[in-house]
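Data first, discussion second: the structure below is written as structure tokens.
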Number of protein chains: 2
Amino acid sequence: MISPVMVTTSAFAETAALIGDPARANMLAALMNGRALTAKELAEAAGVTPQTASGHLAQLTGAGLLAMARQGRHRYHRLASPAVAHMLETIMSVAAGGAPGSGRTKSLRVGPRDAALRRARTCYNHLAGRLAVAMADRMTERGHIELSLDGGVITEHGTNFLQGLGVNLKADTAGPGRSAGGRVFCRPCLDWSERRPHIAGVLGTALCTVCLTQGWIRRIEGTRAVTVTPMGRTVLDKAFDLRDALD
Amino acid sequence: MISPVMVTTSAFAETAALIGDPARANMLAALMNGRALTAKELAEAAGVTPQTASGHLAQLTGAGLLAMARQGRHRYHRLASPAVAHMLETIMSVAAGGAPGSGRTKSLRVGPRDAALRRARTCYNHLAGRLAVAMADRMTERGHIELSLDGGVITEHGTNFLQGLGVNLKADTAGPGRSAGGRVFCRPCLDWSERRPHIAGVLGTALCTVCLTQGWIRRIEGTRAVTVTPMGRTVLDKAFDLRDALD
DNA sequence: GAAAGGCTTCGGCAATGGCCGAAGTATTCC
DNA sequence: GGAATACTTCGGCCATTGCCGAAGCCTTTC
């Protein structure tokens, strides 16, 4: 007999099992930069042949974790929704060491690629790493935002500050990131490398978008890491007093 | 050669794989009621023999997902931290059907046990299901809270309301759920059965605690579902105008 | 139209890992 | 002290499933 509760429990396990395979996990991690990649690129990211990758991608798409779009002879795969990205980030956060302060030190921090990731990276559609945590810290210190592990909100002061940077927060009057009262929340996202919250949600997305379009940061191909351009360094240091966050 | 980035990716995949096994997934789901269970109880929940469960529990504990406490000849296992509970809830949310509005209809809703779960259940340390969503809706309508997918906050009005119910929100001046400014946030938690947010975080925990200690709701043994007592029905319907949320 | 590239399906191999029976330790109860 | 209970370790069986080579489909390019 199959209990009705088993149905949902089984979907729960299946989803996790899908993520739990090393090859698929690498594909999903590669897609955490928020962009769509071809099957071949994902095969390379996972370290498997195209035919093996094809099977994995079919499974992930079938389960609703990925969305696929044909374009010529390419097929572009991306995370199906921000909810999926959020889920993956949450798992990464737990995988990176469990509760902060616990004795677990599984994630060794070595190597240049790793260092670049810890310094600054994208987390689906917002920024993460030392850079993002530093930005959140300065904004908190100055009263631009209020942030806790349970939630966050931008103040009037912060709205003005961000608009001065070119972030338009009054574009739409309602959206997933604002309450019925129009208040703009910023979702805290626990940074897996820094173990402290940074800014996600609509606010984090807007901030990341501005940084990219203005050329303050640039994506490093084939990884989630980003570099801060010389211009970006000047602008962001002036705006956020980054101190040694980029060293 | 093992790339340094692979280290973290591997921990990511291992964590997901740990959750992905059906037996372990059932154990974790059973622990989502927030309480500690013995190895035997978890074996029963997973549908495996004690010796098999023992191996699974050792893995989960070793990975930092569970914490264990000896007590006499029993060993009580619980989720290691709220972060783990949050991760599991996020996976359940995605597993229950991907993005809201997507064509996925994998989770059939049948059977009495399932119906009870959808009506009211605990989600680690707060309430979920139709009951919790209805409570959040009423509080939003009345201006007690502001809630969006990105965050939430309790208003002065809401603080008074909850204190009238016996929830003391001014107990400590700082904590994980409040910003440096003392503002009390309530984390939104996407309800996997209702596909709408309900109240989590410190606020959700406090609310759930009051309901349990006052005897308004009671846990159903062996499941995450809770029943609303006759007294609770009276009190909660008066306070929250639950309408048909409990039918 | 032929060639090339991107992607998928099929088939068989191999290894990972979950499962239980049996046996061993630790703790409580009588 | 002996029986009972809770839990763990060990060893071998078996199913699942990830992997790649080969071959086929579809689209673009020349």
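The calculated FRET efficiency for A:Q59 paired with A:I220, based on their beta-carbon distance and R0 = 35 Å, is about 0.75. May I ask you to give the percent of accessible area on region A:4-80 that is carbon plus sulfur, with a probe radius of 1.4 Å? The nonpolar share, carbon plus sulfur, comes to 53 percent. Note on A:Q71 and B:N168: the model spin-label points, each 7 Å out from Cα along the C-beta direction, lie 5.8 nm apart.
Using only Cα atoms, tell me the angle between helix A:50-62 and the longest principal axis of chain A; keep it within 0 to 90° and round to the nearest 10. Here the helix axis deviates by roughly 70 degrees. The modelled label-to-label distance between B:T227 and A:D247, using points 7 Å beyond Cα along the C-beta direction, is 6.4 nm. Ranking of B:F161, B:F185 by solvent-accessible surface, largest first: B:F161, B:F185 (1.4 Å probe, protein heavy atoms only, all chains present). Compared with the dominant principal axis of the Cα atoms in chain A, helix A:230-240 is inclined by about 60°.
Only protein heavy atoms count here; under a 1.4 Å probe, B:S10 has an accessible surface of about 50 Å². For B:D244, the accessible area of its heavy atoms, probed at 1.4 Å with every protein chain present, is near 110 square angstrom.
Take B:K40, move 7 Å from Cα toward the beta carbon, and the resulting point lies 6.1 nm from the same point in each other copy, nearest first. Using R0 = 25 Å, the C-beta based FRET efficiency linking B:K238 and B:L212 works out to 0.85. Around the amide H of A:C123, modelled in the peptide plane, lie the amide H atoms of A:A128, all under 5 Å away and 5 or more residues distant in sequence or on another chain. Using only side-chain charges placed at the Cβ, +1 for Lys and Arg and -1 for Asp and Glu, the dipole size of chain B relative to its Cα centre rounds to 460 debye.
When only the Cβ of Lys, Arg, Asp and Glu is charged (+1, +1, -1, -1), the dipole of region B:166-239 relative to its Cα centre reaches about 100 debye.
Heavy-atom accessible area for B:R78, with the other protein chains in place and a 1.4 Å probe, reaches approximately 110 Å².
Across A:K40, A:K238, the residue with the most accessible area heads the list, and the full order at a 1.4 Å probe is A:K238, A:K40. Relative intensity of the protein assembly as shown on a log10 scale, I(q)/I(0) at q = 0.09 Å⁻¹, equals -0.62, per a Debye sum over C-alpha point scatterers of equal strength in the absence of solvent. Computed from protein heavy atoms with a 1.4 Å probe, the total accessible area buried between A and B is close to 5100 Å².
Across the identical copies, the label point of B:L165 (7 Å from Cα in the Cβ direction) is separated from its matches by 3.7 nm, in order from shortest.
Look at where the Cα atoms of region B:12-88 and of region A:176-247 average out, and the two centres are 36 Å apart.
Comparing A:H144, A:Q59, A:V184 along the charge dipole axis of the protein assembly as shown, the residue lying farthest to the positive side is A:Q59, per the Cβ-charge model. Semi-axes of the equivalent ellipsoid of region A:84-240 are 25, 19, 14 Å, computed as sqrt(5λ) over the eigenvalues of the C-alpha gyration tensor in descending order. Each distinct pair of alpha carbons in region A:4-80 adds a 1/r term; the inverse of their mean, the Kirkwood radius, is 12.7 Å. A point 7 Å from Cα along Cα→Cβ stands in for B:P230, and the other copies hold the same point at 8.0 nm, listed in rising order. What is the angle, in °, between the Cα long axis of helix A:82-95 and the longest principal axis of the Cα atoms in chain A? Nearest 10 is fine, range 0 to 90. Value to nearest ten degrees: 90.
The values are calculated or read from the model by the stated rules, or taken from the named source; none is laboratory data. Please read these numbers as outputs of a predicted model, since none were measured by experiment. Virtual Cβ from ideal backbone geometry, glycine too; neighbours counted across all protein chains shown. With ligands, DNA and RNA removed, areas are computed over all heavy atoms of the protein, side chains included. Shrake-Rupley method; radii C 1.70, N 1.55, O 1.52, S 1.80 Å.
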